[in-house]
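What follows is one structure encoded as structure tokens, with my remarks underneath.
The values are calculated or read from the model by the stated rules, or taken from the named source; none is laboratory data. This one's a predicted model, so the numbers in the text were calculated from it and none came from an experiment. Positions of Cβ are backbone-derived with ideal geometry, glycine not excepted, and every protein chain shown enters the neighbour counts.
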């Protein structure tokens, strides 16, 4: 009986090793690679939920350089991902937060040479989130459609608002908050290579 268990364990381990890249791809942002868009950044294979050609159209207010100035500042040691909790949309926040938590440290490390801590926490309002933001700890606040009438990335001091005007996924496998999050990532990366997907 022990030999049978050992054999099964060896077979499972061999299958995991053989398929490691596919397994890593699946868990890299929480969705199957078929529904994502692959890009390469400094040797890392990363995925976005929204098409990059759509995400790049998302506006950044006041401008993209202001976003880079905040995150490329070498005094940044922590980035906090904030959301205003709501049971009906917490899952959306989780998907977006996970993608940002995976990609932001890679980009910041590559661009500044420094490691950053990524944290996620709930807030009661935009004002509360802004009160926690600082040059050393910018806050990224994800706003739901009823708090935003547009899809954009908006900078307010050291508070970065990810605004999504809709959570509708009709005829697409992403929502507007994905566009804003992916625009943030693409802006900070500056250069990347697409790989299909």
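Residues in segment 140-191 that are surrounded by fewer than 17 Cβ atoms within 10 Å (Cβ to Cβ) and closer than 20 Å to residue 68 by Cβ: how many?
Number satisfying all stated conditions: 4.
Can you spot a residue in segment 65-88 that is at pLDDT below 60, farther than 16 Å from residue 184 by Cα and either outside any helix (DSSP H, G or I) or touching a helix residue (DSSP H, G or I) at 6+ places or on another chain (Cβ under 6 Å) (or both)?
Scanning segment 65-88 turns up no residue that is at pLDDT below 60, farther than 16 Å from residue 184 by Cα and either outside any helix (DSSP H, G or I) or touching a helix residue (DSSP H, G or I) at 6+ places or on another chain (Cβ under 6 Å) (or both).
Taking the criterion of being closer than 17 Å to residue 186 by Cβ and in a loop (DSSP other than H, G, I, E, B), would at least one residue in segment 144-154 satisfy it? Step through it out loud before you land on a result.
The initial filter retains those residues of segment 144-154 that are closer than 17 Å to residue 186 by Cβ, namely 151-154.
So of that shortlist, the ones also in a loop (DSSP other than H, G, I, E, B) come out as 151.
Yes, there is a match, as at least one residue in segment 144-154 is closer than 17 Å to residue 186 by Cβ and in a loop (DSSP other than H, G, I, E, B).
When residue 129 is evaluated against the numbered criteria (1) under 21 Å from residue 59 (Cα atoms); (2) surrounded by 17 or more Cβ atoms within 10 Å (Cβ to Cβ), which criterion, by number, is the only one it fails?
(1)
Could you tell me whether segment 49-58 includes any residue that is out of contact with any helix residue (DSSP H, G or I) (no Cβ under 8 Å at 6 or more places or on another chain), outside any loop (DSSP other than H, G, I, E, B), over 20 Å from residue 108 (Cβ atoms) and modelled with pLDDT under 90?
Yes - at least one qualifying residue is present in segment 49-58.
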